[in-house]
Amino acid sequence: MSSSPPPPEQRSSGGLLSVLGVAFGLAGSVGGTIGAGILRTPGLVAAQLATAPLVLSAWLLGGLYALLGAICIAELAASLPRAGGWYVYAEQAFGHRAGWLVGWTDWLAHCIGLAWVATTVGELLVEWIPTQAAAPWHGQAIALAVLILFSGIQWLGVRAGGASQELLSLVKAVAFLGLAAASFLLPAAAPDATAGHPTVLQPQGSALWIGAVLALQAVVTTFDGWASPVYFAEEFSEPARDLPRSLIGGVLAVLALYLLINGALLHVLPMQTLSQATLPAADAARLLLGSQGAQLITAVALVSLLGLINTVVMAAPRILFGLSRDRLMPAWLSQVNQGGTPTAALLLTSGSAALLVLVGSFDHLLGMGAFLYVGLPLSGIAAQIQLRRQQPDLPRPFLSWGYPVTPWLVGAGSLAFLVGAVISDTADSLLALALVGLGALAGELWQRYGQPGSA
């Protein structure tokens, strides 16, 4: 016997279910942020800064930057609790064309990231297949199976998706906390000179500044994903209260976890070892468990990546749903099933990611995706400043602390990272801009000829 549909008061005007709370918001922020990057980035940061105080300071500064961003976007999320993420704010502040452009960019970046993470999961799991039985296509097959699995979970509805997100984020946090806590139980690493390693020299002058910039770029990238709750703004039962708590609380939780992990790595690994490690968490795990440490880190990485996949598979269809409902995309993309899932948007998202998995080459796609992700927070900050001027009477249940200094600081940082992305990877940045331009052209054509009643 089928279950009865949710009561009307639980369903938003668009058909989504308003059933989420702050527990899901925190899980979404943590799950959307913590991936495999924290297993690798500490070594990159240590290589640039070379001393424990500077390393921890870089992680603290990166976390504070993300926190300022969360404070700014919390105002927008509480004021405009609509599904779709960054495009909602751009559309409200700058009109339909800007909204479409930001939404297209956001969805495209999500698909690229989803395909890459699924492929990485496939590569990790294929290592568990005996060498003689492994084939080159097995990794792709596993990646596709993972996409199908999580798409199936989301198809069941927002409650199933939310519960899986909370569970995966909890397991992820416990795994990292356990690794850090166990590392602190080991004896402290001997200083480099007494351990037989050459002492790592602290960079000076311009080398220090260049190293600090490179380290902060790596750290800020590792904090990407903190804004995940905004994609589900319409599905929170009390968005004015829960969205700011989810965004700010999620960043604080991730910051505390990152500082703890880096403190643990600095405790057990000499700076020379840490700065040269490709996967420093694996080195720490080997000290704890010997040869089985590698398997432990693989398991932790898998849990992290699966939580990230769940977040993206759940969030990206909401972008298409919102664009469709606002008549910026075909109406069929706003179809929602009884569980509160935009089914057509889910199929298009997962299908696009699956095609990218089959293409199999991510060198340029990742460069383009990184550029697109960097530009999205800048669009949100610009929207906040514009709406403060344009709509001063807009109800704002949460006001950004320190306005206008806070958004200008975050905006300047986002712009600097965007310029840095262009300089460091000009070719892929230009390709990404070309994709954005194609999106702008497609949106213009849809506005003129695709909508019902268009001439």
Which residue, chosen from Ile112, Leu144, Pro317, occupies the Cα position most advanced towards the positive end of the dipole of the chain, where the dipole is computed from +1 (Lys, Arg) and -1 (Asp, Glu) charges on Cβ about the Cα centre? Pro317
Please list, in order along segment 437-443, the HN-Hα scalar couplings obtained from phi with the Karplus expression 6.51 cos²θ - 1.76 cosθ + 1.60 (θ = phi - 60°), rounded to whole Hz, x for Gly and Pro. x, 4, x, 4, 5, 4, x
Residue (of Trp155, Ala282, Trp401) at the positive-pole extreme of the chain, dipole from beta-carbon charges: Trp401
Rank Gly99, Val268, Val419 by how far each Cα sits towards the positive end of the charge dipole of the chain (+1 on Lys, Arg Cβ; -1 on Asp, Glu Cβ) and give me just the farthest. Gly99
What's the percent breakdown of Cα-Cα distances in segment 221-319 across 5 Å bins, shortest bin first? 2, 11, 15, 19, 17, 12, 9, 8, 5, 1
Can you give the Rg to Rh ratio for segment 364-455, taking only C-alpha atoms and Rh from Kirkwood? 1.10
Take the Cα gyration tensor of the chain, multiply each eigenvalue by 5, square-root it, and list the three semi-axes largest first, rounded to whole angstrom. 36, 26, 21
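Might you report the magnitude of the Cβ-based charge dipole of segment 15-450 about its Cα centre, with Lys and Arg at +1 and Asp and Glu at -1, to the nearest 20 debye?
The dipole magnitude comes to about 540 debye.
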Rg to Rh quotient for segment 267-406, alpha carbon positions, Kirkwood Rh: 1.10
Order these peptides, 268-279, 22-33, by their mean beta-carbon neighbour count within 10 angstrom, highest first. 22-33, 268-279
Note to self, the chain gives a 222 nm [θ] from helices alone (DSSP H runs n ≥ 4, -39500 (n - 2.57) apiece, / all residues, nearest 500) of -24500 deg cm²/dmol
Report the percentage of all Cα-Cα pairs in segment 62-185 whose separation exceeds 18 Å, rounded to a whole percent. 74 percent
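Bear in mind that the values in this text are calculations on the coordinates, not laboratory data. Since the model is a prediction, treat every value here as computed from it, not as a measurement. Neighbour counts run over all protein chains shown; Cβ positions are idealised from the backbone, glycine included.
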